[in-house]
Each structure stands twice: as C-alpha cells, then as structure tokens.
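Here is the structure we will look at.
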Amino acid sequence: MAAPRLKIKYKEEIVPTLKKEFGYKNVMQVPRLTKISLSQGLGAAIADKKLVENAVNEMSIIAGQKAVTTKSRKDISNFKLRKGMPIGVKVTLRGERMYEFLDRFVSASLPRIRDFRGISKDGFDGRGNYTMGITEQIIFPEIDIDKISRITGMDVTFVTTADTDKEAKALLKEYGLPFKK
C-alpha cells in the first residue's frame, strides 16, 4: 500500500516551506502532526444506553478504527450520574490512519458543512494544539443520514509538536485546513 498523500506532501512540500518561513536549521525542528483525537460527549446517554452503542458505531465508521467509551469519574446527583457510567465516546488516530482521516476531513467533510466560511482561528491552546467543534456528524460521507437516530456533535483535536500557536497554525494551514481570514 502506498503512503498517504498528506504524509508525502509533508515531507516534500510542508517541511521546506516551514523551514524557510521560521528559519529552522534542522529538519527535526519542523513541527509535525502527532495525533488527531475525536471525542463526543453524550449527556443524554444517562437515560438511553442505546445512544452510546450508536455513537461507538458511528465514530468507528468515521475514524476507520474502533472507538472506546468514556466513563464518568464521579457521582453527580443533579445529573443522575453515577461513577463508571458511559457518558461519551473517543478515538485517537496516529500514523497512516491519522493522515487518511485528515485527507478525508479536509477534502470531503469540511466542504459539506452548511454556510461554511472557514474554521475559527481561536481554537489554539497556547502549546501548539488545535481543537475545533463539529455540530453535526452527518458532514462525514461515511455516515448514512437515514440510519442515524439523532444528530450529535463532536470535538476534533489536532496535536502537534509545535512550540507556539503561530507555528501550529502554519502547519495546519499547509495541510489544507481552511482558517477564517
């Protein structure tokens, strides 16, 4: 199997561009993408256990890798929540699967968002990581709209080795993420 398109693009185009832009002396100083985490909180899962199963299946289809449930860490009586109850779903992508997902995300999923004008540049955390929220999981072409029980959102986190937000933004922009002007 051939290497993912974005992995080749990183080595051949992104590294020289960032090296020139930020004045890195060594190729290893150039920031790179280490992982992409998808997570989904399901507050309504307290009442309906089937939601968690559906979310795991959908997230697994989207990511191309088995998703795991996240469980509550403590009891919260106001929310009728007990410690250990499943309240969310997450999956972490690394390596080849990460590049494949990023390619599909940028080229097929983001353009399907209604009234899309670019992604916010406010999602950086100060350490070179970027998190964005997606309001509907139906933007992914892998999801069949007729088979979903309810529309849910999710968070997508891009973890990079960049030291600053400016470097991380430049890296993600080179990968094709469309930031707002």
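Since every read-out is calculated from the coordinates, none of them should be taken as a lab result. As the structure is a prediction and not an experimental result, all values here were calculated from the model. We place every Cβ from the backbone using ideal geometry, glycine too, and count neighbours over all the protein chains shown.
So here's what we get for this one:
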quantity: Unit charges on C-beta of K, R, D, E only; dipole of the chain, Debye; calculated: 420 debye
quantity: Pairs from Lys9/Lys90; Lys20/Lys173; Lys66/Lys90; Lys11/Lys121; Lys11/Lys180; Lys121/Lys166 whose Cα-Cα separation, in the structure shown, is over 18 Å; calculated: Lys9/Lys90; Lys11/Lys121; Lys11/Lys180
quantity: Mean shadow area of the chain over all directions, Cα convex hull, nm²; calculated: 12.1 nm²
